[in-house]
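Working notes, structure below.
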Amino acid sequence: MAKEVTELRDLSAEQIVEAANGILASKLSIDDPASAAARIAKLAGLNAGDAKEIMALARQAAESDPALLGDLLASALNDMAESEPASRETIVDAVRTAGEKQTVVGLDILALGFLVLCGYVVVKTEGVDKEAKTVKITKQKDGRIEITIKYTKKNLDPLSAAGKLLGKIWPKLGG
């Protein structure tokens, strides 16, 4: 199991958004930020007419909780580094260069962050269980075997702006 990208810990939420936007937009084949909502709608199997609503929800989510966005994108980058080891060095490079330029992080950049996050969720959850399962087997001193199964599921508040955005996309995934 690969270690987390520890360099992410030293970044602000805005720097994480900057690094993740480039990495995840490339992974999702989003060449133009203006087309991001349409691409996410297509990935999620939604009607192309939903792109405006998805963009509006992304903007609302971006305004409501940039810190949450940073945390979620850091998790997505760590997940990508673990599941796609070849991408790890690209992620580390993006993290190292984040914030080197004086960049003003505006609402559009944050909204793009939420869109690429949703796209990553769509790509990662197709055909994949939505909860983590941990199995621990312990042999007791008396010879008995104890099996502990732990299910972990992180829920996002569906009433938050980020929850509404993911909620728009999630039903198409069977979640």
### Task
Would you mind stating whether Gly45 is outside any helix (DSSP H, G or I), within 18 Å of Arg9 (Cα to Cα) and at pLDDT below 85?
no
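With respect to Ser35, is the statement that it is in a helix (DSSP H, G or I), polar (S, T, N, Q) and out of contact with any Gly (no Cβ under 6 Å at 6 or more places or on another chain) true?
Details: in a helix (DSSP H, G or I): yes; polar (S, T, N, Q): yes; out of contact with any Gly (no Cβ under 6 Å at 6 or more places or on another chain): yes.
When the stated conditions are applied, Ser35 passes them.
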### Query
Mind checking which pairs have a first residue in segment 48-66 that is over 13 Å from Ile109 (Cα atoms) and touching a residue at least 60 places away in the same chain (Cβ under 8 Å) and a second that is among the β-branched types (Val, Ile, Thr) and surrounded by 17 or more Cβ atoms within 10 Å (Cβ to Cβ), Cβ under 8 Å, 6 or more apart or different chains?
Ile54/Ile40; Ile54/Ile169
#### Entry: Residue count for segment 56-70, restricted to those that are in a helix (DSSP H, G or I) and open to solvent by 50 Å² or more (accessible area, probe 1.4 Å)
6
## Note on the structure
Considering segment 132-162, residues that are surrounded by 10 or more Cβ atoms within 10 Å (Cβ to Cβ) and in a loop (DSSP other than H, G, I, E, B), and then whichever is modelled with the highest pLDDT, we arrive at Ser160
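Could you grab me the full set of residues in segment 50-65 that are of a type outside the set (Asp, Glu) and at pLDDT 85 or above? Explain how you work it out, then say what you get.
First pass over segment 50-65, keeping only residues of a type outside the set (Asp, Glu): 51-52, 54-62, 64.
Listed by number, the residues that qualify are Ala51, Lys52, Ile54, Met55, Ala56, Leu57, Ala58, Arg59, Gln60.
The values are calculated or read from the model by the stated rules, or taken from the named source; none is laboratory data. Keep in mind the model is a prediction, meaning the values are calculated, not measured. Cβ atoms come from the backbone with ideal geometry, glycine included; neighbour counts cover every protein chain shown. Calculation scope for accessible area: heavy atoms of the full protein, side chains included, ligands and nucleic acids excluded. Shrake-Rupley method; radii C 1.70, N 1.55, O 1.52, S 1.80 Å.
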